[in-house]
1. Got a sec? Which of Arg27, Arg31, Arg39 is at pLDDT below 90 and either touching a Phe, Trp or Tyr at 6+ places or on another chain (Cβ under 8 Å) or not polar (S, T, N, Q) (or both)?
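The values are calculated or read from the model by the stated rules, or taken from the named source; none is laboratory data. Because the structure is predicted, anything quoted here is derived from the model rather than measured. Here the Cβ is made from the backbone with ideal geometry for all residues, glycine too, and neighbour counts use every protein chain on show.
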Amino acid sequence: MNRMDHLEHLDRQLVDELAQVARETVRDELREQTRRQRRRATLYAASGTAALYAGAAVALAVGLALALVLPGWAAALITAALLGVAAYLLRGAARPHPSRPGPAPSPGHDRVPGGAVPAAPGRHDADPGSTHDRA
């Protein structure tokens, strides 16, 4: 093996070692980030579970308070209606509004997951990606 071949072999070996060190460093960093994100996700899940039970307890308390002055079925019906209204208002608050400053809604945010909504039978002029009916 002449001197150039020896140097070329050392260069390749050095590059391979550097690549291995870089891969191990990236792998360790990703492992650490994953560990932190897993912990955060677990805490969010636990928080959501606690909030769900707290909401159920509040709904029960409202129902029982109403049951003091109303029949049980009426108290349950009013409690269910209140929860439905709260869910509707929360859903509306979660949707982006064009009048509110902030990120613009992404195109196709009303689309069906997994593809576009098929056009109505016999209507070939409609945009297959549109979810709004044009009368």
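1. Answer to the check: Arg39.
Okay, residues lined up against (1) exposed (fewer than 10 other Cβ atoms within 10 Å of the Cβ); (2) within 30 Å of Val85 (Cα to Cα):
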{"position": "Leu18", "(1), (2)": "no, no"}
{"position": "Ala22", "(1), (2)": "no, no"}
{"position": "Thr42", "(1), (2)": "no, yes"}
{"position": "Gly63", "(1), (2)": "no, yes"}
{"position": "Leu68", "(1), (2)": "yes, yes"}
